[in-house]
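Engineer: My structure is below; once you've seen it, I'll send some questions.
Every read-out reported here was derived from the displayed coordinates using simple, explicitly stated rules and does not represent laboratory data. Model, not experiment: these values are computed from the prediction. A quick note on method: Cβ atoms are made from the backbone with ideal geometry, for glycine too, and the neighbour counts reach across all protein chains shown.
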């Protein structure tokens, strides 16, 4: 199985933004940009403007993870800013999921769906075949550094089984506490994309090149 790494830019050293982006261009598969509105989760992080500012430097796809109450307000501006994926939460699109998905696709972007820990896979049953990536939140969303929720491994296993049974093409992503303690379990469960935050990458070493080497050693154990 091929694995993909998606560093969470809210966890990077923003003082060294350009230098770290140049490093990630050579090593990562995606750039994960969390956009929070202070309502859906009690935090405010990055923005479409941040994506617009990094787009000239970024050489790999940018995934905008919308942890917001009204994702439809962000779609057009994220297209203009340069996002490649827009990942919306299943909890926020009830009632107009098909409309949101088609709107994103019609803009030429990839569609991601994120599920909070307490949200069942069945919630996305009727449109699961239309998405490009499914993100299983392995922590309650909003803040970095939260403890891993082990029950999410079973959710990832079920998602993998469903993908294989039905021949779906979406990527399975884990977001939250992907690190040396959880990499092996996540791989065994069927995770393909790993969102790397403080514990998995950026706190490994002040030098991002060294931090990445440490992450890879931990991942391959």
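Engineer: If you take all C-alpha pairs in the chain, what percent of them are over 27 Å apart?
Structural biologist: Of the Cα pairs, 26 percent sit more than 27 Å apart.
Engineer: Do you know the relative contact order of the range 4-219, to the nearest whole percent, from alpha carbon pairs under 8 angstrom that are 6+ apart? Present the calculation step by step, with values, prior to reporting the outcome.
Structural biologist: Numbers: 411 pairs, mean separation 37.5, N = 216.
That works out to 17 percent.
Engineer: Ok, one more. Can you give me the Cα centroid spacing of the range 146-221 and the range 106-143 in angstrom?
Structural biologist: Between the Cα centre of the range 146-221 and that of the range 106-143, the gap is 16 Å.
Engineer: May I pose another question? Report, in deg cm²/dmol and to the nearest 500, the calculated mean residue ellipticity at 222 nm for the chain, where each DSSP H run with n ≥ 4 adds -39500 (n - 2.57) and the sum is divided by the residue count. Could you put the intermediate results ahead of the total?
Structural biologist: Numbers: 7 runs with 69 residues, N = 221.
Calculated from helices alone, the mean residue ellipticity at 222 nm is -9000 deg cm²/dmol.
Engineer: In addition: Report the full-extension gain for the segment residue 146 to residue 220: residue separation times 0.36 nm, less the Cα-Cα distance, to one decimal in nm.
Structural biologist: Separation in residues times 0.36 nm, less the Cα-Cα distance, equals 24.3 nm.
Engineer: To check my understanding: the extent here is largest minus smallest coordinate of the Cα atoms along each principal axis. What are those three numbers for the range 1-110, in Å, largest first?
Structural biologist: Reported extents, whole Å, longest axis first: 42, 32, 30.
Engineer: Something else now. Report the full-extension gain for the segment residue 206 to residue 99: residue separation times 0.36 nm, less the Cα-Cα distance, to one decimal in nm.
Structural biologist: Using 0.36 nm per residue and subtracting the Cα-Cα distance, I get 34.2 nm.
Engineer: If I take R0 = 22 Å and measure r between the Cβ atoms of residue 77 and residue 3 in this structure, what FRET efficiency does the formula 1/(1 + (r/R0)^6) give, to the nearest 0.05? Please report the intermediate quantities before stating the final value.
Structural biologist: Numbers: r = 31 Å, r/R0 = 1.42.
It comes out at approximately 0.10.
Engineer: What's the extension gain from residue 154 to residue 14 if we count 0.36 nm per residue and subtract their Cα-Cα distance? Present the calculation step by step, with values, prior to reporting the outcome.
Structural biologist: Details: separation 140, 0.36 × 140 = 50.40 nm, distance 3.50 nm.
Here the answer is 46.9 nm.
Engineer: Which residue fluctuates most in the GNM of the chain (Cα springs below 10 Å): 126, 168, 74?
Structural biologist: Top of the fluctuation ranking is 126.
Engineer: OK, next. I need 153, 162, 24 ordered by Cβ neighbour count within 10 Å, fewest first. Don't skip to the end; give the middle numbers.
Structural biologist: Numbers: 153 20, 162 16, 24 25.
Going from least to most buried by this count: 162, 153, 24.
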